[in-house]
Amino acid sequence: MISTGDFRSGAMFEMDGQLLEVVSVEHIKLARAGAVIKAKLRNLLTGSIFEQSFRSGDKFPTVRIDKNEATYLYTDGTHHYFMDTRTYDQVPVDEEMLESVLPLLKEGSVAHLLRYQGKLIGVELPINVELRVVKTDPQVPLFIQSGDVIRVDTRTQTYMERA
């Protein structure tokens, strides 16, 4: 069980039959009523994001998510194929499931396939990836040029540093 006081970004739990992940959390202290926890949650099966308020101390069942390391291989237009590095099986993943991480994928990159009760529910990238700059805009800092390799934070998809 996980208490609402233990909610952190990335925590996963089950509520009303839905598999949820905490995107962000805010603790609001009230004078007499106690604390209220306001959380932004992502439904891992549908991808929808919504906000929910909880009383401090509410408890929910935690979930077990299996992570298998995989290597990104290629795309055929509608599916993206990963090779499970443990079993060497090729796993097709729908493009809709990868929508948020698609710009950060390149052939040969490492990822984790996330499964819940044997069903593939998502793909998780390492915290940062190295990507080659193809084209730069005037808004980009002048020290970043086309052809440079930079490190990008996959959680926020923001520039971290030159690689």
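The values are calculated or read from the model by the stated rules, or taken from the named source; none is laboratory data. This structure is a prediction, so every number in the text was calculated from the model and none was measured. Using ideal geometry, Cβ is built from the backbone for each residue, glycine included, and neighbour counts are taken over all protein chains shown.
Some values worked out for this structure:
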| read-out | value |
| --- | --- |
| Whichever residue in segment 72-84 is of a type in the set (Ser, Thr, Tyr) and surrounded by fewer than 15 Cβ atoms within 10 Å (Cβ to Cβ) and, among such residues, is modelled with the highest pLDDT | Tyr74 |
| Subset of segment 57-68 [surrounded by 12 or more Cβ atoms within 10 Å (Cβ to Cβ) and either at pLDDT 95 or above or more than 17 Å from the chain's Cα centre (by Cα) (or both)] | Asp58, Lys59, Phe60, Thr62 |
| Unique match (being surrounded by 12 or more Cβ atoms within 10 Å (Cβ to Cβ) and out of contact with any Cys (no Cβ under 7 Å at 6 or more places or on another chain)) among Glu51, Glu95, Glu99 | Glu95 |
| Positions within segment 116-150 being assigned to a strand (DSSP E or B) and either farther than 26 Å from His80 by Cβ or out of contact with any strand residue (DSSP E or B) (no Cβ under 7 Å at 6 or more places or on another chain) (or both), in sequence order | Lys119 |
| Selection count, segment 122-143, where residues are more than 29 Å from Val22 (Cβ to Cβ) and either under 12 Å from the mean Cα position of the chain (by Cα) or touching a residue at least 60 places away in the same chain (Cβ under 8 Å) (or both) | 0 |
| Every pair of residues 6+ apart whose Cβ atoms lie under 9 Å, when the first sits in segment 144-158 and is without any contact (Cβ under 8 Å) to a residue 40 or more places away in the chain and under 22 Å from Glu124 (Cα atoms) while the second is aromatic (Phe, Trp, Tyr) and surrounded by 12 or more Cβ atoms within 10 Å (Cβ to Cβ) | Ile150/Tyr159; Arg151/Tyr159; Asp153/Tyr159 |
| The listed residue being surrounded by 13 or more Cβ atoms within 10 Å (Cβ to Cβ) and of a type in the set (D, E, K, R), out of Glu26, Glu21 | Glu21 |
| Given (1) within 27 Å of Met15 (Cα to Cα); (2) exposed (fewer than 11 other Cβ atoms within 10 Å of the Cβ), index of the condition Thr158 fails | (1) |
| Subset tally (residues that are within 20 Å of Pro61 (Cα to Cα) and without any contact (Cβ under 8 Å) to a residue 40 or more places away in the chain) for segment 98-117 | 1 |
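Residues are listed down the side, and each one gets a yes or a no for (1) of a type outside the set (Phe, Trp, Tyr); (2) over 15 Å from Val152 (Cβ atoms):
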{"site": "Met83", "(1), (2)": "yes, yes"}
{"site": "Tyr88", "(1), (2)": "no, yes"}
{"site": "Asp94", "(1), (2)": "yes, yes"}
{"site": "Ser100", "(1), (2)": "yes, no"}
{"site": "Lys106", "(1), (2)": "yes, no"}
{"site": "Glu130", "(1), (2)": "yes, no"}
